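Novice: Take a look at the following structure, please.
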Amino acid sequence: MDEPVKTDTLRKEDRSKNVFQWFDRRTGLGKMMRTSLDEPIPGGARWAYIFGSGLLFIFISQVITGLCLALYYVPSAETAHTSVAYITKQVAAGAFLRSLHTYGSSAMIVVLLLHFLQTFLYGSFKGRRELLWISGATLSLLVLAMGFTGHLLPWDQDAYFATAVGTNLAGQVPIIGQWMIEMMRGGDTIGTLTLSRFYFAHVFLIPGMIFLLVGIHIVLFRKAGPAGPIKEDALHPKLPPAPFYPRQVLMDMGFALLLMAGLGIFAYFRPVGLGPIADPASTQFLPRPEWYYLPMFEWLKFWEGPEVVFAIVVVPGILALLFFLLPFLDRNLERKPWRRPIPLLGVSIVLVGTLFLGIKSEVDDAHDPSIAAQLAIQAQQERAYTEAPFHPDVESPGGTGSMPTGPVDPVVAQGKGIFTSHGCSGCHGENGAGAVAVSLVGVTRKFSDAQLIELLHNPNAQMHAGGMPAVNLSASDMTALLKYLSALGTDAANVPAATGAPTSGGAATPPAATPPAATPPAAATPASTKPAPAKPGASSAAAQAGEKIFQAHGCSACHGPAGAGTAIAPPLAGLVAGLSDQQLSKLLHHPNAKMSAGGMPAFTGSPKQESSLIAYIHSLGTAPAGGAAPAAKAGARPASTKPPSAEVLRGKKIFQRASCESCHGVGGLHGTVAAPGLAGTASLLPASTLENLLRHHSAQMQNGGMPLTNMNAPDMKAIVAYIRSMPAHETRQ
C-alpha cells in the first residue's frame, strides 16, 4: 500500500525539480540564490545585523501600500483632500492601508536611526567601506525627503501649513532661496502645482533614486563584505565565517514579522485621522511637523533675523558634511567605541541635543495655555472630520473649500447666512471650526435642539465671559441655524451662504434688485452744484456703515487703521483708485493668488454690507494727506489737543505690531465682535492693575481667547501708557 504513495511523491518532486531547472537554465536563478544566501558572515549571524534587512522590508511595504493608495489619489488642490477622505472613509480597509503607510514612514526613521547607531558603534564603516557609508548616508537623506513630500498629500490644514513653513525655510538660503521656493511650489503660492510636484517627487522621483541607491549599496556591501563583530579586523577578518542562510535569514524574517505585527496593531487600533481641508486664509491654525522634524522646528525658535541663515544653512550643513565624511575623519582601524572617544562624544552630543529639542518642543506646547488650547481645538476638529460620514464633493480651486456635487440644502445655506451675518464666524471661525472661541463641530451631538436654543437665548456664565451675546431669532431662522450647526464638520456645510430674507418655507431668496435712482438731465444741474468728491472720514451713511464692517471683520489688523497699510498688507488707497465697484466686489469674494498667499479671506457678508464696505474702501482713496477730523459726537467732551508723548506713540506701534487691533478694533477704541473697546480704561484701572492684567489674564480674558502678553518692562510700560491715553468718551462695545 505504501509503494504507490512513495512513487507519486517522487513523481511530484521530479516535476518540481524539472520546473526549477527549466527556469534555472534560462535565468540563472539557482546561482543568484546561492550567491545571495551563501554570503559569508565573519563570526556568524547576529541580532545586531537585522536593521539593514528591516529597512529594506519597510521600504517594500511602503511601495506596496503606496501603490494601493495611488489607485484612488488625485493630486490637485480641487480633489486631493476628497480622494484621501474617500480612501479613509469609503474604500474597504482604506483607513488601515493609509495608517500602515503613515506609521511605516515613522518606523523607517526609527529603524534607520538604529541601523546608523549599530554601524557607528561597531565601526562597520572602517576598512575601505567609505563609499558604502556615503551611499547609506545619501539614502538617509532621501528617506527624510520622502517624509517631507508625503506630508502635503492629504491637503488638510496640518499638511498645508507645515509645508508652508518648510518651504519658507528654504527661502532663507542665500542667493538660491527664492529659486528653491518657486521650484518646490511651482510659483509663489502653495496650490495644485505644488501638489503635483510633491506627488511626482514622492511617488516617482525619490523612490526611483532609492531603488538605484539600494542596488548600489548592496553591490558595495557585497564587494567590501560584512565587517563582523566589534573585535573583528575590518580589513582581514580572522573569525570563522558562517553563511547568511539559514540563521541570519531567520533572524531577519523574525524582525520583519515583528515590524509587520507592530505596524498592523497601530494601524488597526489607532488609525490615522484626517483634518479639515486646507484653508490658506486661516490665521489661527498652529502647524506642527512630523515628530522627526520637531527638533529642527524647536531649534529655529532660538534664532531671529539674519541669524536664521546660520541656523538653517550653516549648522545643519556642517553636521551633514561631518556625517558624510565620518569614514575619512575616523580612519583608525580601531572599532571599539570606548577607544574612539572623540567620535563617540560628537555623535552623543548630536543625539542628546536632538532628543532634548524634540522633548522641549512638546513640553513648551503643553505648558503654554494658548498654544495648548489651540492644539486641542485642532485635534478635536481632526477627530470630528474623521468621524463624520463621507460626502462626495468637488473642492473649489485653491483648495480653500468644497462644494457638494449634489443639490444644496437651502435650509443649511440659510443657516450659514445667519451664522455669518450675525458675526458668529468672528469668534467661532469660518465653518465653526474655532478661532477666538471654541469649535462648534459636533455641538449638536452634545446638546439637544432644545438645550441649544436655550443656550442661544440665554448664554451661560462662561459664554457671557467670552463675550457671547444672546441670539434671538424667529423659529424658522433658528431651525436653519441649528441645521447648519449639525452639518459642521461635514462637506454638507460647504455651501454658499444664503443672505436674503427667508421665504415661508424657510429658504432664503436673493434680495430684489434696487432700481437705479433717476438722475436729472445734465442741463438741469448748474455747474456750480456739481457734487463734490467724498470727504475723508467716510461722510456718507453707506461709507460710515462700511467703516464699522471694516473694523468688525478685523480688516485693520492687516491693512492698518483707515486702510493705511502695515508690514502685513499694503495700503488700500492706491490699490482701489482705478477699480470699479464690480471689480472690487469680485476681488472681495474671490481674492487673487497674491491676496490669498497673504492670508486674505473671502468676504461673506450680505449684499448690503458689501455695498457699504465698498463705499468705505473707495472713500479711502479720496482722503487728503492730512486727513480730516471726525465729526464731534453729540454731548461728547472735546478731545485733548495735547500731542501724545513719545512713549504713547511707541505703545501704539507695539499695539499694532502685536495685532491687538484684530480683536479690539482700529486703535483699540471701539472693539469688534471678538473683543471690547479699550476706550476709557484710564478711568477704570490704574496703570499697575492694567499691567498686572496684561501679564496675568483674568478668567474672562482667557475664555475670550486673549493670548499671553510676554514683553519686556519698557514695552509693557509703553503699551499701558497707550491704552490709558485712550479718551473716555469713545463708545465701547
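The values are calculated or read from the model by the stated rules, or taken from the named source; none is laboratory data. For clarity, every value in this text was computed on a predicted model and none was experimentally measured. We place every Cβ from the backbone using ideal geometry, glycine too, and count neighbours over all the protein chains shown.
Novice: Of the numbered conditions (1) modelled with pLDDT of 70 or more; (2) at positive phi; (3) in contact with a Ser or Thr (Cβ under 8 Å, 6 or more places away or on another chain), Gly665 fails exactly one; give the number of that condition.
Specialist: Failed condition: (1).
Novice: Checking Arg98 against (1) surrounded by fewer than 22 Cβ atoms within 10 Å (Cβ to Cβ); (2) in contact with a Ser or Thr (Cβ under 8 Å, 6 or more places away or on another chain), which single condition isn't satisfied?
Specialist: (1)
Novice: Here is a follow-up. If a residue must be more than 17 Å from Ala48 (Cα to Cα) and either β-branched (Val, Ile, Thr) or out of contact with any strand residue (DSSP E or B) (no Cβ under 8 Å at 6 or more places or on another chain) (or both), how many such residues does the range 209-237 contain?
Specialist: Taking the range 209-237 as the starting set, the residues that turn out to be more than 17 Å from Ala48 (Cα to Cα) are 209-220, 222-224, 233, 235-237.
Cutting the leftovers down to either β-branched (Val, Ile, Thr) or out of contact with any strand residue (DSSP E or B) (no Cβ under 8 Å at 6 or more places or on another chain) (or both) gives us 209-220, 222-224, 233, 235-236.
The total comes to 18.
Novice: Criterion first (assigned by TED's automatic domain parsing to the domain that holds Leu153, touching a Phe, Trp or Tyr at 6+ places or on another chain (Cβ under 8 Å) and either surrounded by fewer than 18 Cβ atoms within 10 Å (Cβ to Cβ) or within 21 Å of Ser53 (Cβ to Cβ) (or both)) does Gln248 satisfy it?
Specialist: Values: assigned by TED's automatic domain parsing to the domain that holds Leu153: yes; touching a Phe, Trp or Tyr at 6+ places or on another chain (Cβ under 8 Å): yes; either surrounded by fewer than 18 Cβ atoms within 10 Å (Cβ to Cβ) or within 21 Å of Ser53 (Cβ to Cβ) (or both): yes.
So Gln248 passes the test.
Novice: Which ones in the range 148-157 are touching a Phe, Trp or Tyr at 6+ places or on another chain (Cβ under 7 Å) and assigned to a helix (DSSP H, G or I)?
Specialist: Hits for the range 148-157 are Thr149, Gln157.
Novice: A further question on this structure: For the range 468-492: of the residues being modelled with pLDDT under 85 and crowded, with 22+ Cβ neighbours inside 10 Å, which is farthest from the chain's Cα centre (by Cα)?
Specialist: Ranking the qualifying residues of the range 468-492, first place goes to Ala487.
Novice: For the range 230-278, what are the residues that are in a loop (DSSP other than H, G, I, E, B), of a type outside the set (Lys, Arg) and within 25 Å of the chain's Cα centre (by Cα)?
Specialist: So the first thing to find is which residues in the range 230-278 are in a loop (DSSP other than H, G, I, E, B), and the list is 230-240, 244-246, 270-276, 278.
When the remaining residues are screened for being of a type outside the set (Lys, Arg), the result is 230, 232-237, 239-240, 244-246, 271-276, 278.
Residues satisfying the conditions are Pro271, Val272, Gly273, Leu274, Gly275, Pro276, Ala278.
Novice: I would also like to ask the following. Can you name the number of the only condition in (1) of a type in the set (A, V, I, L, M); (2) touching a strand residue (DSSP E or B) at 6+ places or on another chain (Cβ under 9 Å); (3) within 30 Å of Val84 (Cα to Cα) that Ala242 fails?
Specialist: (3)
Novice: Restricting attention to the range 253-268, report how many residues are surrounded by 14 or more Cβ atoms within 10 Å (Cβ to Cβ) and farther than 17 Å from Val110 by Cβ. Give the derivation first.
Specialist: Within the range 253-268, the first condition is being surrounded by 14 or more Cβ atoms within 10 Å (Cβ to Cβ), and the residues that meet it are 253, 255-256, 259-260, 263-264, 266-267.
Within this subset, residues satisfying the condition of being farther than 17 Å from Val110 by Cβ are 253.
Result for the range 253-268: 1.
Novice: Can Glu298 be described as in the same structural domain as Ile87 (by TED's automatic domain parsing), of a type in the set (Asp, Glu), closer than 28 Å to Trp133 by Cβ and in contact (Cβ under 8 Å) with a residue 40 or more places away in the chain? I'd like the intermediate steps shown before the answer.
Specialist: Values: in the same structural domain as Ile87 (by TED's automatic domain parsing): yes; of a type in the set (Asp, Glu): yes; closer than 28 Å to Trp133 by Cβ: no; in contact (Cβ under 8 Å) with a residue 40 or more places away in the chain: yes.
Spelling it out, it is not the case that Glu298 is in the same structural domain as Ile87 (by TED's automatic domain parsing), of a type in the set (Asp, Glu), closer than 28 Å to Trp133 by Cβ and in contact (Cβ under 8 Å) with a residue 40 or more places away in the chain.
Novice: I would also like to ask the following. For the range 86-95, give me the residue count where each residue is of a type in the set (A, V, I, L, M, F, W, C) and under 23 Å from the mean Cα position of the chain (by Cα).
Specialist: Residues of the range 86-95 that are of a type in the set (A, V, I, L, M, F, W, C), as a first pass: 87, 91-93, 95.
Next, only the ones that are under 23 Å from the mean Cα position of the chain (by Cα) stay: 87, 95.
Adding up the residues that qualify gives 2.
Novice: Does Leu321 meet the test of being at pLDDT below 90 and not assigned by TED's automatic domain parsing to the domain that holds Met706? First the steps, then the outcome.
Specialist: Working: at pLDDT below 90: no; not assigned by TED's automatic domain parsing to the domain that holds Met706: yes.
Against the criterion (at pLDDT below 90 and not assigned by TED's automatic domain parsing to the domain that holds Met706), Leu321 does not qualify.
Novice: Pick from Leu355, Leu375, Leu329, Leu333: which is at pLDDT 95 or above and aliphatic (A, V, I, L, M)? Outline the logic, then answer.
Specialist: Details: Leu375 fails: at pLDDT 95 or above; Leu329 fails: at pLDDT 95 or above; Leu333 fails: at pLDDT 95 or above.
Only one candidate qualifies: Leu355.
Novice: Then there is this: Quick check on this structure: which one of Phe328, Phe323, Phe310 is free of Cβ contacts under 8 Å to residues at least 24 places away in the same chain, part of a helix (DSSP H, G or I) and of a type outside the set (Ser, Thr, Tyr)? Give the steps one after another, and end with the answer.
Specialist: Working: Phe328 fails: free of Cβ contacts under 8 Å to residues at least 24 places away in the same chain; Phe323 fails: free of Cβ contacts under 8 Å to residues at least 24 places away in the same chain.
Checking each option against the conditions leaves just Phe310.
Novice: Just to be sure before I move on: is Pro459 at pLDDT 75 or above, closer than 26 Å to Thr283 by Cβ and not assigned by TED's automatic domain parsing to the domain that holds Glu78 in the structure I sent? Even if it seems obvious, please write down each step before you answer.
Specialist: Numbers: at pLDDT 75 or above: yes; closer than 26 Å to Thr283 by Cβ: yes; not assigned by TED's automatic domain parsing to the domain that holds Glu78: yes.
Against the criterion (at pLDDT 75 or above, closer than 26 Å to Thr283 by Cβ and not assigned by TED's automatic domain parsing to the domain that holds Glu78), Pro459 qualifies.
Novice: Also: In the range 686-705, is there at least one residue being crowded, with 16+ Cβ neighbours inside 10 Å, modelled with pLDDT of 70 or more, out of contact with any Cys (no Cβ under 8 Å at 6 or more places or on another chain) and part of a loop (DSSP other than H, G, I, E, B)?
Specialist: no
Novice: If a residue must be under 24 Å from the mean Cα position of the chain (by Cα) and surrounded by fewer than 18 Cβ atoms within 10 Å (Cβ to Cβ), how many such residues does the range 289-330 contain? Write out each step before concluding.
Specialist: Going through the range 289-330, the residues under 24 Å from the mean Cα position of the chain (by Cα) turn out to be 289-305, 308-309, 311-313, 316.
Remaining after also requiring surrounded by fewer than 18 Cβ atoms within 10 Å (Cβ to Cβ): 291, 300-305, 308-309, 313, 316.
Total meeting the criteria: 11.
Novice: Further question: Give the residues of the range 134-149 that are of a type in the set (Val, Ile, Thr) and under 15 Å from Phe51 (Cβ atoms), sorted by residue number. Write out each step before concluding.
Specialist: If we filter the range 134-149 for residues that are of a type in the set (Val, Ile, Thr), which is where we start, we get 134, 138, 143, 149.
Val143 - this is the single residue of the range 134-149 that is of a type in the set (Val, Ile, Thr) and under 15 Å from Phe51 (Cβ atoms).
Novice: Could I ask something else about it? What number of residues within the range 113-147 satisfy the criterion of being of a type outside the set (S, T, N, Q) and within 15 Å of Ala320 (Cβ to Cβ)?
Specialist: Looking only at that region, the number is 11.
Novice: Just one of Thr189, Thr163 is hydroxyl-bearing (Ser, Thr, Tyr), farther than 26 Å from Gly127 by Cα, touching a helix residue (DSSP H, G or I) at 6+ places or on another chain (Cβ under 6 Å) and in contact (Cβ under 8 Å) with a residue 12 or more places away in the chain; which is it?
Specialist: That would be Thr189, the only listed residue that is hydroxyl-bearing (Ser, Thr, Tyr), farther than 26 Å from Gly127 by Cα, touching a helix residue (DSSP H, G or I) at 6+ places or on another chain (Cβ under 6 Å) and in contact (Cβ under 8 Å) with a residue 12 or more places away in the chain.
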